[in-house]
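Single-structure report; data block below.
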Amino acid sequence: MAGVPRAKTTVPRLPTEFVPRPDLVAALDQGETCALTLVSAPPGYGKTVLLAEWAARSDVPCAWVSLDEDDDDPRRLWGAVLAALVACPDVPPSSRLRTLVVPRTSVTVEFLTELSDALAAIPTRVRLVLDDAHHLHSRAALHGLEFLLRDHLSNVRLVLASRFDPALPVGRLRLEERLCELRPGHLAFSVEETEALAGLCGLHLDGRQAALLHSRTDGWVAGIRLAALPLRDHPEPDAFLAAFSGDERPVADYLADEVFSRLSEVEGDLLRRISICDPVPSALAVELSGRADAAETLGELERSTALVTAAGPHRDEFRIQELMRSYLAADLLRHGPALAAQLHRQAALWWADRRRPAEALHHAARADDTQLLTELLHRWAAELVARGEHIELRRALDKLQAGNPAPDAWLPLVSAQIELGRGDRTAAQADVRRAGELDAGPGGLDLALFRTATQRMVGLGGSATDDPVSDGGAPEDPALAALVLAGRGAGELFSMGHVGPAENDWSVLFEDLEAALAVAREQRFGLLEIQCLFLIATAALTCGDNGRAASAAAAAITAAHAGGWHDTLWAAGAHAVLAQACLSQADPVRALQVSSDGLRIASTQQDRVILFALRCARGGALFDIGNRPAGLLEVQEAHAELGATPIPEALATTAALLEHRMALLLDLPVAAGTSVGRLTARYGADAELTLMRAWSEAAAGSAASARSAVAPLVSGQVRPILPSTVVEARLVEVWADLRLGQRSAARHALQAALACAEPLDVLRPFALAGQGVRVLLVDQLGGSTDTAAFTFRCLSVRPQVRRPPAPRLSTREHSVLIQLNSLNNLGEIAEDLDVSVNTIKSHVRAIYGKLGVTTRRTAVLTALEHGLLA
């Protein structure tokens with residue numbers, strides 16, 4: 001013991017650049033009753049620092065031994081252990097440990113038994129920490145540790161820090177729940193810890209830079225420290241972090257000295273060859289290395305070095321820590337670029353045989369094999385665009401275009417699909433036109449189908465009669481078949497943009513899109529699923545089916561979040577459709593939330609049409625929840641920002657009607673006239689202009705003129721762009737009939753409005769209608785309490801759309817209003833209030849005018865709704 005250096009048995013000091021790990025310390029504390037604690041990870045994961053922090057924070061005495069290669073000799077090992085134990089102040093002077101001597105020749109069972117008995121006699125619990133335990137590999141050295149574990153000492157906790165698992169019964173201890181273990185996944189720094197360590201090293205990284213450094217290092221502590229050296233004075237930290245790899249000189253030197261110098265030539269060659277893949281399946285490792293025992297060798301490396309980690313549900317894949325892998329990949333290139341290219345080509349073919357196109361394309365692009373890359377691109381283009389695997393597609397395109405290839409129509413068409421996925425329809429259309437300037441070249445029917453589907457999806461295609469195949473048969477490739485169906489549905493939708501919905505066969509459109517959606521879901525074509533749902537939602541909204549539109553749009557938003565497409569224009573468009581549908585369904589609170597969420601999507605700002613739709617929906621929602629001036633201003637500003645940008649006819653008509661109705665309800669005739677001018681100048685929508693004129697007449701109080709104005713609409717003489725226009729016209733008819741005293745006609749008109757509105761699931765017109773309509777709805781319901789009935793829903797949504805502020809009544813008018821709620825006639829009311837009957841009649845007319853009603857019953861109901869009557 002006298003020959004053991006004190007530094008060897010002293011707990012190391014914590015470094016200056018020290019980030020506390022309270023969660024890991026707590027995890028170690030929770031394993032206090034375990035016989036063995038194993039902290040196993042490759043070099044540089046902070047094992048020693050963690051255990052030193054743990055020892056410093058704990059009141060439990062700790063005997064620490066820093067091992068080296070010489071300690072694989074059992075005599076040196078146990079001499080150091082005894083020295084560390086004796087140095088513990090909690091070991092009493094009378095302890096047998098202080099007189100125990102390690103045999104000079106060999107460590108016998110008798111010595112180990114005496115050591116175990118002496119440890120058992122210590123009155124307190126002790127932690128025996130053996131740091132760098134990977135130096136212990138001889139059977140004799142490990143036998144002593146196993147002897148102590150087998151003795152089940154209740155007051156000794158053995159703690160090993162090692163670069164790999166020692167040859168001890170770790171599995172059995174785990175099964176017996178006597179093992180506390182921390183692995184690389186536990187020891188890796190989080191993004192927050194990465195930022196904290198960088199700050200201690202003199203780097204001030206923002207959150208994005210810290211996240212990038214974390215992703216480049218996988219939270220490997222040594223990697224973070226090594227990056228800090230050159231990064232501290234680097235003029236472009238973002239560029240450095242993006243390119244940071246294991247080939248950086250400080251990292252490469254560390255890995256070469258501390259990690260890879262201990263590998264055999266066979267092991268090093270195997271790791272270099274598989275470094276081109278992450279992760280690498282064991283079967284591919286055999287292919288790349290040419291060694292049938294590759295999987296067994298990697299498994300042994302996992303156990304003996306922890307440089308590789310088994311992954312996957314069946315643990316038949318292997319991963320290498322990112323900086324180590326990039327070091328190996330750079331070392332592979334130093335052995336010859338031709339070898340790296342050959343391995344990438346082998347990997348591309350291997351993945352292609354297993355129908356993994358993204359991986360195949362990835363390696364083909366790095367193999368510098370233009371022919372192979374072209375073949376794979378032609379073969380898998382449809383599936384990759386349907387899945388949204390745009391990163392590998394873009395890399396492949398860049399590689400082929402940089403090589404000045406022969407004209408190939410596939411390339412601009414694939415580029416168009418990528419731009420479409422990003423939501424840049426203008427760029428996508430330019431790519432399609434560029435493809436049209438090229439000869440068809442290789443591809444045949446598949447290229448023709450892909451071209452037609454892409455043309456239609458970007459808005460340049462024709463109807464279904466333009467299909468490349470006349471027999472209507474679907475291609476064998478399910479991705480291409482789904483794209484053909486989606487393209488056909490999109491083409492029909494775009495062609496309907498300038499034709500009234502009554503002139504179109506919507507069922508065919510929905511049939512194509514639903515079929516494409518079914519294939520996309522079955523084959524897990526994530527992006528195509530979102531695109532189909534958005535197109536279905538848009539078509540449903542255009543033809544007035546708000547229920548179907550809301551359902552499809554909500555599904556598109558859910559799918560976008562699940563697939564990582566939540567910040568794309570497809571997601572923003574789905575928000576716009578859902579918000580518009582919610583507004584029509586008289587759910588302004590949800591419409592406001594959905595439209596606001598859509599406006600926060602970054603990609604929204606790239607498309608003026610979607611931005612306009614979202615702002616209009618938000619304006620309508622603000623208006624309906626009671627913030628009426630702000631709602632109108634939102635819609636007016638949306639029109640101003642839109643400028644001359646062309647938008648779909650249905651959207652333009654919806655926005656104009658929305659603005660016009662808001663302006664009239666706010667008594668702003670000039671603003672209402674502006675909305676009429678928008679529709680007249682750009683679209684000439686006769687039916688909707690007719691409705692606007694009727695609304696204006698109604699706002700002026702002219703019931704006969706309003707009814708006369710909507711007559712061509714309700715009779716079908718003019719065909720509307722929006723199906724809901726007929727509902728609105730019928731409600732104008734109801735209002736006019738009530739004002740004219742034609743209650744029976746009003747009931748018939750209301751029934752016609754309900755019959756027209758129910759299949760459209762449009763509720764907002766009823767929520768905005770006057771109190772007279774509410775009375776008729778109550779009568780129509782006839783005492784039924786069926787909450788699923790459409791009439792009941794029309795009544796129930798009225799409170800969600802807030803009414804204007806209650807009109808101000810004079811004191812005398814309020815007294816008369818209270819009397820109107822009684823059963824007294826006007827004469828009795830006059831006698832009770834001690835005024836003439838003519839005076840009461842004058843007050844009643846004034847009350848009706850202020851409340852906007854025509855009957856006593858309606859006046860009472862309106863007063864109750866405004867809170868004027870208790």
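Numbers below:
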item: Residues Thr558 and Asn825, FRET efficiency given R0 of 51 Å [Cβ-Cβ distance, rounded to 0.05]; result: 0.30
item: Gyration tensor (Cα) of the range 606-649, equivalent ellipsoid semi-axes in angstrom; result: 20, 10, 7
item: Net dipole in debye of the range 262-376 [+1 Lys, Arg Cβ; -1 Asp, Glu Cβ; about Cα centre; nearest 20]; result: 160 debye
item: Potential lengthening between Arg379 and Ala338 on full extension [0.36 nm per residue; Cα-Cα distance subtracted]; result: 12.2 nm
item: Solvent-free Debye scattering, log10 I(q)/I(0), computed from the Cα coordinates of the range 379-420 at q = 0.15, 0.18, 0.19, 0.34 Å⁻¹; result: -0.31, -0.45, -0.50, -1.33
item: Burial order of peptide ranges 263-269, 735-741, 319-325 (average beta-carbon count within 10 Å, highest first); result: 319-325, 735-741, 263-269
item: Cα centroid of the range 690-718 to Cα centroid of the range 262-327, whole Å; result: 78 Å
item: Cys residues of the chain counted as unpaired, since no other Cys beta-carbon is under 4.7 Å; result: Cys62, Cys88, Cys201, Cys277, Cys532, Cys543, Cys582, Cys616, Cys756, Cys794
item: Net charge over other residues, Cβ less than 11 angstrom from the Cβ of Arg125 (K, R count +1; D, E count -1); result: -1
item: Charge dipole (the chain, unit charges on Cβ, about Cα centre) - positive-most of Ala706, Ala453, Gly741; result: Gly741
item: Rg and Dmax of the range 662-798, Cα atoms only, in Å; result: 14.8, 48
item: Spatial separation of Cα centroids for the range 115-190 and the range 748-775, in angstrom; result: 78 Å
item: The chain: relative contact order as a whole-number percent, Cα under 8 Å and 6+ apart; result: 6 percent
item: Note, ³J(HN,Hα) from phi for the range 161-174, Karplus 6.51, -1.76, 1.60, rounded to Hz, x at Gly and Pro; result: 10, 8, 7, 7, 5, x, 7, 10, x, 4, x, 5, 5, 5
item: Among 809-815, 542-548, the order from most to least packed when residues are scored by Cβ within 10 Å on average; result: 542-548, 809-815
item: Kirkwood-Stokes translational diffusion coefficient of the range 549-656, alpha-carbon pairs, 20 °C, 1.002 mPa s, µm²/s; result: 159 µm²/s
item: Theoretical FRET efficiency, 1/(1+(r/R0)^6), r = Cβ-Cβ of Asp832 and Ala755, R0 35 Å, to 0.05; result: 0.20
item: Size of the range 37-135 as Cα extents on the principal axes (Å, biggest first); result: 37, 32, 18
item: For the chain, calculated [θ]222 nm from helices alone, where every DSSP H run of n ≥ 4 adds -39500 (n - 2.57); result: -19500 deg cm²/dmol
item: Total charge dipole magnitude, the chain, about the Cα centre, Cβ charges on Lys, Arg, Asp, Glu only, Debye to nearest 20; result: 2620 debye
item: Debye-sum result for the chain in log10 I(q)/I(0), which assumes one identical scatterer on each alpha carbon, at q = 0.04, 0.05 Å⁻¹; result: -0.33, -0.49
item: Span from the the range 11-49 Cα centroid across to the the range 541-579 one, whole angstrom; result: 48 Å
item: Rounded accessible area of Lys47 (nearest 10 Å², 1.4 Å probe); result: 20 Å²
item: Selection from Pro89, Phe147, Ala121 lying farthest towards where the dipole of the range 67-173 points positive, charges on Cβ; result: Ala121
item: Given charges at Cβ of Lys, Arg, Asp, Glu: the chain dipole, positive-most of Ala479, Phe534, Gln585; result: Gln585
item: Amide hydrogen neighbours beyond the local backbone of Ala311, cut-off 5 Å, H modeled; result: Asp316, Glu317, Phe318, Arg319
item: Peptide ranges 654-661, 273-280, 164-171 listed from the most packed, as the mean C-beta count within 10 angstrom indicates; result: 654-661, 273-280, 164-171
item: Calculated diffusion of the range 662-742, Stokes-Einstein form, Kirkwood radius summed over Cα pairs, 25 °C and 0.890 mPa s, µm²/s; result: 193 µm²/s
item: Distant-in-sequence amide H partners of Val159 (H built 1.01 Å from N, under 5 Å); result: Thr37, Leu128, Val129, Leu130
item: Debye, to nearest 20: dipole size of the range 569-640, +1 on Lys, Arg Cβ, -1 on Asp, Glu Cβ; result: 40 debye
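The values are calculated or read from the model by the stated rules, or taken from the named source; none is laboratory data. A quick note: this is a predicted structure, and the numbers were derived from the prediction, not measured. Note that we place each Cβ from the backbone using ideal geometry, even for glycine, and neighbour counts take in every protein chain shown. Just the protein is used for accessible areas: all its heavy atoms, side chains included, with ligands, DNA and RNA removed. Shrake-Rupley method; radii C 1.70, N 1.55, O 1.52, S 1.80 Å.
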